[in-house]
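Contents: one structure, followed by commentary.
Rule-based calculations on the coordinates, nothing more; no lab input. The structure presented is a predicted model; accordingly, all values stated were derived computationally and were not measured. Virtual Cβ from ideal backbone geometry, glycine too; neighbours counted across all protein chains shown.
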Amino acid sequence: MIRRAYQKPMPTTYVTVPPEHADEIAETLVEERLAACVNRVATNSTYRWDGEVHHDDEVVLLAKTTDGAYEALEERVLELHPHEVPCIERFDESHVLESFAEWRAESIE
Amino acid sequence: MIRRAYQKPMPTTYVTVPPEHADEIAETLVEERLAACVNRVATNSTYRWDGEVHHDDEVVLLAKTTDGAYEALEERVLELHPHEVPCIERFDESHVLESFAEWRAESIE
Amino acid sequence: MIRRAYQKPMPTTYVTVPPEHADEIAETLVEERLAACVNRVATNSTYRWDGEVHHDDEVVLLAKTTDGAYEALEERVLELHPHEVPCIERFDESHVLESFAEWRAESIE
């Protein structure tokens with residue numbers, strides 16, 4: 001039996017970034033083969049900081065990666081991100097179309 | 001004990017499509033009772049193809065379906081989608097508001 | 001061993017709301033410490049109602065909360081939401097950057 005990378009759960013990484021950093025972070029993750037694809041979505045974020053409620057325009061990056069590349073991707077985002085405590089979350093997919101999973105694994109590993 | 005459909009995990013299907021196909025695919029999934037609801041979100045996608053990094057405007061379709069309808073929805077998206085290897089991913093919800101889960105199951109099955 | 005709140009799975013709550021209610025609901029969840037952060041994303045929703053297919057502009061609220069606060073957040077959204085059967089779904093993250101998880105737990109509990 002050959003165990004293929006795409007048989008493990010495949011994670012989508014959810015990262016919020018300031019709009020002026022979205023291009024660079026998305027491109028770097030794809031160029032360095034840490035993500036096969038990054039979907040960018042415009043968002044407005046409401047959060048509490050120093051006891052005050054703030055609103056900021058941001059971009060959600062949904063980075064399609066593999067189990068094996070997740071930790072390296074998280075570290076790279078931490079290096080590139082301008083904030084000290086960025087939102088970096090992992091959501092595991094319970095199924096992925098097989099041909100897409102293959103393409104994704106080959107784009108990364 | 002009656003086992004109801006909405007007691008199984010309910011999946012959200014994450015599909016990316018070219019903007020000009022978003023309307024047709026979203027409507028078809030709802031009309032054919034493969035999804036109770038489809039949320040469309042504008043996105044810009046960064047990916048590698050033939051060794052080059054590309055950027056495309058796309059639409060993310062978040063199709064709210066049931067465990068029982070997931071496979072048929074996946075097959076239908078494959079038929080309607082203009083790409084050979086589309087992004088079709090399944091994310092299972094760990095909880096759904098009960099009245100919404102009931103509405104969703106009734107809209108589909 | 002100290003068991004910290006952020007070692008439990010952390011949920012993202014996915015809620016769709018009419019655009020004119022998005023501000024109030026997002027702010028209330030953060031002000032009342034039911035969510036550390038709410039990301040708002042514009043969407044167009046396709047769904048079936050009374051046998052007809054409808055399209056509405058809505059906003060997806062992605063509320064970053066904790067396991068302990070999830071039920072209270074769900075109840076509060078039900079009170080504030082103008083619809084009888086709103087879309088309220090829970091997605092558990094399988095990993096969160098530790099410093100972000102700490103900030104999130106402290107913002108809520």
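Residues in the stretch A:37-47 that are over 10 Å from the mean Cα position of the chain (by Cα) and either away from chain C (no Cβ under 12 Å) or aromatic (F, W, Y) (or both): A:Y47 alone.
Only residues that are part of a loop (DSSP other than H, G, I, E, B), free of Cβ contacts under 8 Å to residues at least 24 places away in the same chain and out of contact with any Phe, Trp or Tyr (no Cβ under 6 Å at 6 or more places or on another chain) were counted in the stretch A:84-99, giving 2. Quick check on the stretch B:48-68: of everything there that is touching a helix residue (DSSP H, G or I) at 6+ places or on another chain (Cβ under 6 Å) and at the interface with chain A (Cβ under 9 Å from one of its Cβ atoms), which residue is surrounded by the fewest Cβ atoms within 10 Å (Cβ to Cβ)? So the residue we want is B:V53.
Considering only the stretch A:2-20, I want to know if a residue exists there that is without any contact (Cβ under 8 Å) to a residue 40 or more places away in the chain and surrounded by 23 or more Cβ atoms within 10 Å (Cβ to Cβ). Even if it seems obvious, please write down each step before you answer.
First, the residues of the stretch A:2-20 that are without any contact (Cβ under 8 Å) to a residue 40 or more places away in the chain: A:2-3, A:7, A:20.
Going one step further and asking which of them are surrounded by 23 or more Cβ atoms within 10 Å (Cβ to Cβ), we end up with none.
No, the stretch A:2-20 contains no residue that is without any contact (Cβ under 8 Å) to a residue 40 or more places away in the chain and surrounded by 23 or more Cβ atoms within 10 Å (Cβ to Cβ).
Within the stretch C:82-109, how many residues are within 15 Å of B:F100 (Cβ to Cβ) and either at the interface with chain B (Cβ under 10 Å from one of its Cβ atoms) or touching a Leu at 6+ places or on another chain (Cβ under 8 Å) (or both)? Step through it out loud before you land on a result.
At the first step, the residues of the stretch C:82-109 found to be within 15 Å of B:F100 (Cβ to Cβ) are C:82-91.
Of the ones still in play, those that are also either at the interface with chain B (Cβ under 10 Å from one of its Cβ atoms) or touching a Leu at 6+ places or on another chain (Cβ under 8 Å) (or both) are C:83-91.
Number satisfying all stated conditions: 9.
Only one of the listed residues (C:E71, C:E79, C:E102) is touching a residue at least 60 places away in the same chain (Cβ under 8 Å), in a helix (DSSP H, G or I) and surrounded by fewer than 18 Cβ atoms within 10 Å (Cβ to Cβ). That residue is C:E102.
Restricting the stretch C:26-45 to residues that are over 16 Å from C:C87 (Cα atoms) and small (G, A, S), the residue that is surrounded by the fewest Cβ atoms within 10 Å (Cβ to Cβ) is C:A36.
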